[in-house]
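Okay, structure first, notes after.
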Amino acid sequence: MPPLFLGLLFIWIAAVAGGAFGYQYRAMRKYGVENTSLLSMFVATVPIPLIACSILLPGWTQALAQAGFRTNAIVFGFGFCWGLGAITYAYGFNILGMALAASLLKGVTVAVGSGGPLIRHWESIPALARVVTIMGLSVLIAGTAFAGKAGIKREREDRAQDPKAEPTSARLKATGRLFWWGLMMCLISGVISACANLGYDRADSIEKAMLVKAHTDLAWKATLIRWMPMYWGGISALVIFMGGAMLLSGTWRNYFAPGTCRDFTISSSMGLVHFLAQIPYGVGAYYLGRLGTTVGWGMNIGMALIVAATIGLLTGEWKGASRQASGTLYLAIAILITAIGVLAYANNLV
């Protein structure tokens, strides 16, 4: 099977999980957002990866040691920033609303997350492939902008139909500083959320250490070890800041409240979904080759946006939206599909 096809297949699997992640929040009854986020992230970054590495990568702890403290610390640091990205996004989302916050986050994350590896591997990439890659990423960012514009139109229409939703909009108009604070949070979140891919790209030496340790061709399985230090960094950030916030507010008691078994089960399942939103991406990047962490990252975000939009359409989120808002969303999806095609072509040029 052609490597490009395999790469696209695994990235599509990751995108489906990434696009669907978060919809389980609607099913929560007792847990707050912080309870659900911390539990799901813990499941995604601690027990599941440990089990996967123990089964697929014998001797993986020795490989981490061979990679050296400095390398592991750098990747851990990227992971810590990635964890902070989830927290800062929550603040921006609460101020700006989902549509604007998400479009800002995705646009910045594409630029930083794909641009970093492209610059790092610049000399090893043919000139034409560089140009086409930059074109594809530019089209992808435009697609995220149109998706955000469609969401903003729909949110405004919803507020016009529901007067109870108006206070948030009025508050934003009355206090410009609040808007700029939300904007800054989203921009910061976009940059540091991209650390998920920057850290994965920098962990290539850890994967090489795993291959040396194994004395055999582990193929895609060796990509799993790249995530470990970054996962530990990410969960550390959430435990420190989100766990600290729960201690101060007392919402940690939700974990032990009567009737929370259902919420615990759903939140834990979200951890598995989150795991599937990342590990297949790494496998897909492996099959895409030298441009894997550049083209693959952009494709992953573009596909996840398409999946999220499709789920929104199928679940009735866009029911009653104006033709203008719906048309903008369809245009965004068309642009995103075009961008994915351009990026696939760029990868084929290497």
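The values are calculated or read from the model by the stated rules, or taken from the named source; none is laboratory data. Predicted, not measured: the structure shown is a model, and the values here were computed from it. Positions of Cβ are backbone-derived with ideal geometry, glycine not excepted, and every protein chain shown enters the neighbour counts.
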Given the residues Ala129, Ala174, Ala165, which is the only one that is more than 19 Å from the chain's Cα centre (by Cα) and modelled with pLDDT of 70 or more? Ala129
For region 223-265, how many residues are within 21 Å of the chain's Cα centre (by Cα), of a type outside the set (Phe, Trp, Tyr) and surrounded by 18 or more Cβ atoms within 10 Å (Cβ to Cβ)? 13
For region 252-276, enumerate the residues that are part of a helix (DSSP H, G or I) and out of contact with any helix residue (DSSP H, G or I) (no Cβ under 6 Å at 6 or more places or on another chain). Arg253, Tyr255, Phe256, Cys261, Arg262, Asp263, Phe264, Thr265, Ser269, Leu272
Being surrounded by 23 or more Cβ atoms within 10 Å (Cβ to Cβ), farther than 20 Å from Tyr89 by Cβ and in contact (Cβ under 8 Å) with a residue 12 or more places away in the chain: is that true of Leu272 here? no
Within region 47-64, which residues are small (Gly, Ala, Ser) and either part of a helix (DSSP H, G or I) or modelled with pLDDT of 95 or more (or both)? Ala52, Ser54, Ala63
Quick one: which residue in Gly234, Gly271, Gly327, Gly320 is touching a Leu at 6+ places or on another chain (Cβ under 8 Å) and of a type outside the set (D, E, K, R)? Gly271
Restricting to region 30-46, what's the tally of residues that are surrounded by fewer than 20 Cβ atoms within 10 Å (Cβ to Cβ) and outside any helix (DSSP H, G or I)? 3
Looking at Thr310 and the list (1) crowded, with 16+ Cβ neighbours inside 10 Å; (2) within 30 Å of Pro117 (Cα to Cα), which single condition is not satisfied? (1)
